[in-house]
Amino acid sequence: MKKVVALLLLFMGVVAEAKTMSLEEAKAFLTDEKKAVHEPGMPPRRTAQDLAFHRFVADDWKRALTLLENDAPDLRRQNLIVVVAEVLPAQDYVLFLNGVCDLIESGKLKMPSWCFGIGSFIKQGFLAYNYDQPEVAALINRIEALYKIHEPGNWEDYFLEVKSGERKKYDVQMLTSYGDPLPETYKSHPEEAYRRLVKEHNEILAEVAKREREQIKFEQKKIVRMVDEDGSVRIMEVDIPPEDEPVDDKPTPWKFPLFIGILILGSGVAAWLYLKKEKL
């Protein structure tokens, strides 16, 4: 019972931790060198702390942009913030990316971190899918201008496809063939951006609870070394009762009938011996 309560407390703690974090906690999170974007553009999202950082960024794009400007002096932290910012609602995401363009143009942000801004996490294909929206079209032009300065000749065909709508057709065809959802629309409801994040919260919390249950089961077993008559040795795993659950010392249902049977048999034998003695 104690371990079940501990598991529930752990589960509740993970839920609380996964909601969000303070600004200071977000800064501390960024200092952890293990927290980085991995190929292909995937940020850390396996722990409640990871998800709390996602929620921190999703709550306010301006705060995320300030964090990028003031507390991300290296590419690892810059990339991490830019990629996690894809959890922002569609219109806020466009505002955030315009802010990123401002930082690049002013020299406060290095170009390599911007490569993830094309969308490889939640916003996969978002810009190309919404190329005909005026706000998105203006952002695409800004991004193209930056690439021409920092990586000339490498992205010309890509931006031609995006601005002509060909990239959107290709993405829709590919996503549909794989049964994947289409990207968000620019005018989508803000809550849609949270769906994947909330789903991940639930999946990870369920995974944590499962691991804890398996650990409890493992702790309730012991290894027994058995030696057979022929001298061979067997290793067996035996269940043991939990510490807080007393062993039932009450007689099992079959013991009482067995006792009555033995008593009757004994009485019969005694009577037979007595009669035999009387005859003699």
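Tabulated results
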item: Residue-span extension gain [Asp157 to Ala28] - 0.36 nm each, minus C-alpha spacing; result: 42.4 nm
item: Loop GluC sites (Glu not before Pro), segment 95-166 (other Cβ atoms within 10 Å of the site Cβ: 13 or fewer; DSSP); result: none
item: Relative contact order (%) - segment 47-118, alpha-carbon pairs under 8 angstrom, separation at least six; result: 35 percent
item: Residue pairs, from the table Lys62/Lys110; Lys163/Lys199; Lys108/Lys148; Lys62/Lys169; Lys148/Lys199; Lys27/Lys163, whose Cα atoms sit over 28 Å apart; result: Lys163/Lys199; Lys62/Lys169; Lys148/Lys199; Lys27/Lys163
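Readers should treat all values here as calculations from the given coordinates under stated rules, not as data from a laboratory. What you are looking at is a predicted structure, and each value in this text was computed from that prediction instead of being measured. No Cβ is skipped: glycine too gets one built from the backbone with ideal geometry, and neighbour counts run over all protein chains shown.
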